[in-house]
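None of the figures in this text is laboratory data; all of them are computed from the coordinates on show. If you're wondering where the values come from, they're calculated on a predicted model, not measured in any experiment. Cβ placement follows ideal geometry from the backbone for every residue including glycine, while neighbour counts extend to all protein chains displayed.
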Amino acid sequence: MSSGRLCGTLAGRKALVTGGAGGIGAACAREFAARGAKVVVADVDAAGAEALADELGGTAWAVDLLDTEALAGLSLDCDILVNNAGIQKVAPIEEFDPAEFRRILALMLEAPFLLIRAALPHMYAQGFGRIINLSSVHGLRASAFKSAYVSAKHGLEGLSKVTALEGGPHGVTSNCINPGYVRTPLVEKQLADQAQLHGIPESEVLAKVMLTESAVKRLVEPAEVASLAAWLASDDAGMVTGAGYTMDGGWSAR
């Protein structure tokens, strides 16, 4: 496949990426733009979204996805929707703040539902759409101290499959990407919490906690996730739907 074709595979498409100002979202936005898509960078970080949108010749959408009431009446005209925004909280269930549990589910399950709901009418009308849900290996496996995150990701897996079944007759696909730990601020922020919970120094968290189940002993790079997302968004993936693509270094092979 020539680089020319690669850069043009998403030409004429409009992609909306949530959590797009940093980490996996920013990598997806850059990859989509490089392949010819017009990108909407959606993030609660208005300045970060604006800066990246300016870099890519796209547009910024400063949005708080926790304001689910505002999302309920939304209408979107994107061809590709990437549900990527996420947060994390590490704590035992008996100490887990119920408000924080609800907050994580609202951002990582309810908001994707509302965005999919808002995007499908346009996708159905044109006979094409791509829903890409950034799940996690935690959408397939559980880890202690992550009750809200694991619950949200398992729910996202189900939502994605239902979307695939409903969208299939209309040319709309829906898939999950399931990375292991990715080199992002979200993961870096967990190091101190995990060190405290496991009684080890922060310098040992990667080797003794995060990468113990992975056969490949390194973090996933955001650009690797973005490359898979771009393929799922392309015409080449028209028969790929209702699936989950692991990128976890072999974690879920156990």
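Output the relative contact order of the chain, whole-number percent, from Cα pairs under 8 angstrom with separation of 6+ residues.
Over the chain, the number comes to 19 percent.
Per-residue 3J(HN,Hα) values for the stretch 46-51, derived from phi via the Karplus relation 6.51 cos²θ - 1.76 cosθ + 1.60 with θ = phi - 60°, read 4, 5, x, 5, 5, 4 Hz in sequence order (x marks Gly and Pro). Taking amide H as placed 1.01 Å from N in the peptide plane, D248 has its amide H under 5 Å from the amide H of G180, each at least 5 places away in sequence or on another chain. Work out the charge dipole of the stretch 56-171 with +1 on the Cβ of Lys and Arg and -1 on the Cβ of Asp and Glu about the Cα centre, then indicate which of V137, F96, M108 is farthest towards its positive end. Highest projection toward the positive end goes to V137. The convex hull around the C-alpha trace of the stretch 199-246, projected and averaged over every direction, spans 4.8 square nanometres.
What's the Kirkwood radius of the stretch 3-98 in Å, using all Cα pairs? Mind showing how you got there, number by number?
Values: mean 1/r = 0.0701 Å⁻¹.
Kirkwood radius, the stretch 3-98: 14.3 Å.
Based on C-alpha pairs under 8 angstrom that are at least 6 apart in sequence, the stretch 43-116 has a relative contact order of 33 percent. Principal semi-axes of the equivalent ellipsoid, √(5λ) from the alpha carbon gyration tensor of the stretch 152-254, are 32, 14, 11 Å from largest down. Per-peptide packing, taken as the mean over residues of other Cβ atoms within 10 Å, places 191-197, 160-166 in the sequence 160-166, 191-197 from highest down.
Both radii are taken from the alpha-carbon atoms of the stretch 77-162; with Rh as the Kirkwood radius, Rg/Rh is 1.05. Of the residues V205, S75, L159, the one whose Cα sits farthest towards the positive end of the charge dipole of the chain is L159 (charges of +1 on Lys and Arg Cβ, -1 on Asp and Glu Cβ, taken about the Cα centre). Put a plus charge on the Cβ of each Lys and Arg, a minus charge on the Cβ of each Asp and Glu, and nothing anywhere else: the dipole of the stretch 140-224 about its Cα centre is then about 120 debye. Across the stretch 91-214, Cα pairs under 8 Å and at least six residues apart give a relative contact order of 26 percent.
From most to least packed by mean Cβ count within 10 Å, the peptides 44-56, 198-210, 177-189 give 177-189, 44-56, 198-210.
Between R103 and V240, the C-beta separation translates, for a Förster distance of 30 Å, into a calculated FRET efficiency of about 0.40.
Label-to-label distance for A70 and E224 is 3.6 nm, based on points extended 7 Å past Cα in the beta-carbon direction. Count charges around A125 for me, please; just the other residues with Cβ under 14 Å from its Cβ, Lys/Arg as +1, Asp/Glu as -1. Once all neighbours under 14 Å are counted, the net charge is -1. In the structure displayed, which of K146/K189; K89/K161; K161/K208 lie more than 23 Å apart, Cα to Cα? From the list (K146/K189; K89/K161; K161/K208), the Cα-Cα distance tops 23 Å for K89/K161; K161/K208.
Evaluating 6.51 cos²θ - 1.76 cosθ + 1.60 at θ = phi - 60° for every residue in the stretch 246-254, the Karplus couplings come out as 6, 9, 10, x, x, 3, 7, 6, 6 Hz, glycine and proline recorded as x.
The phi torsions of the stretch 52-61, fed into the Karplus equation with coefficients 6.51, -1.76 and 1.60 and a -60° offset, translate into couplings of 5, 4, 4, 4, 9, x, x, 10, 9, 10 Hz, rounded to whole numbers, with Gly and Pro shown as x. If you bin all the Cα-Cα distances of the stretch 91-224 at 5 Å, starting from zero, the percentages per bin are 2, 9, 16, 19, 18, 14, 10, 6, 4, 2, 0. One quarter of the surface of the convex hull around the alpha-carbon atoms of the chain equals 13.6 nm², the direction-averaged projected area.
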